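Comments concern the structure below.
Where a number appears in this text, it was derived from the coordinates with a stated rule and is not lab data. What you see is a predicted model, and the numbers here were worked out from it, not measured in a lab. Here the Cβ is made from the backbone with ideal geometry for all residues, glycine too, and neighbour counts use every protein chain on show.
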Amino acid sequence: MRFVINSWRERSLWLVLLLPFAYLFRLIVFIRKRLLYKTERPENFTVPIVVIGNITVGGSGKTPLTITIANKLVDLGYKPGIVSRGYQAHAPHYPFSVESNGDAIVTGDEPLLIAKNTQCPVVIDADRSRAVRFMLNEFDVDVILSDDGLQHYKMYRDVEICVVDENGVLINNNCLPAGPLREPLSRLEEVDLIVLNGINQNDISRSLLVKTHEMKKIPKSFVNLSTNEVKPFGGAPFNIGNRIQAITAIANPNRFFETLEDLPYPIEKIYYPDHYEFSSDDFVSEKIDEHQPVVMTEKDAVKCGAFANNNFWMLTTDTKLNDAFFDALTSQIDYLKKDIAHH
């Protein structure tokens, strides 16, 4: 997979051979959307439904954005619930309600991360519509956020938020397999809000600027997985002579590694496939030096708490969005709530 991603980034000439398949992929997406996309609200969908997704393969920052939106809505007096597919989850049944003290193997890493970082109910099910119905039956919510699901056309939605990172506009604008796009870039014209992660508005078509907002992820602190000790990100938090063993299993590890490069330590970069299920065997002395700090993302950390040693640290971050984004989102939610109540 990394070879393919590098080829997309470098716009390798051999990708021309894949263009016929990319056009076929676009056709299939077009047909699926025409056949499955829900335009009428189901009667039992009694609250606004907000989808937070992307149009590229791999991670673009959907889950941190979902957490930030959920917490902001709570602060503003809303009662959000969150549904997710629960990728690689092994729940005993579906729909399944995720608790903050759950097991990532059962729930999937991203839903557990959401449950740990919000006070909102979280429900997983590959059938997002069923998850929504379960949420409405079991919890007191007045808006539902879907973490991912932009291409889950069978689920009705009121508001679409698309997260765009460098993989969406700077690397390659072809659909799979010749590029990273799961839908054509023209899909951005249809969504309600666009959030830019790690890029600025100069990289976006002028026609889209009115609904475009920048998201910034700011490194905050290191938290020890074993002792819960907190060290500030800045100020050289580790000892002189330390070597950071940066280990991660996220779709875009480079952003994580680049963040750590701001610290005055040599960094050993260790990455696994996205959503990799860590075990204690991955941290034996033959692979990891127990006398040097191991640093991982919050998404990785939820899978390592049960066997964490004192040298295990997670990097926490703050996700920042401007007030204009939340004003635009809440105005749509409020309008929809009144419209639903009226009908």
Run the helix sum for the chain: -39,500 (n - 2.57) per DSSP H stretch of 4+ residues, divided by residue count, reported at 222 nm to the nearest 500 deg cm²/dmol. -8500 deg cm²/dmol
Out of every Cα pair in the chain, what percent are spaced more than 30 Å from each other? 39
Which order do peptides 119-127, 72-80, 6-14, 305-313 fall in by mean Cβ count within 10 Å, highest first? 119-127, 305-313, 72-80, 6-14
Quick check on packing: order 289-301, 38-50 by the mean number of other C-beta atoms within 10 Å, highest mean leading. 289-301, 38-50
Counting pairwise Cα distances across the stretch 186-333, what percent come out greater than 19 angstrom? 59
Most packed first (mean Cβ within 10 Å per residue), the peptides 276-282, 218-224 order as 218-224, 276-282
In whole Å, how far is the Cα centre of the stretch 12-82 from that of the stretch 124-202? 2
Would you tally the net charge around residue 204, using a Cβ to Cβ cut-off of less than 14 Å, leaving residue 204 out, and scoring K and R as +1, D and E as -1? -2
Under 5 Å, built H, 5+ apart or other chain: amide partners of residue 157: none
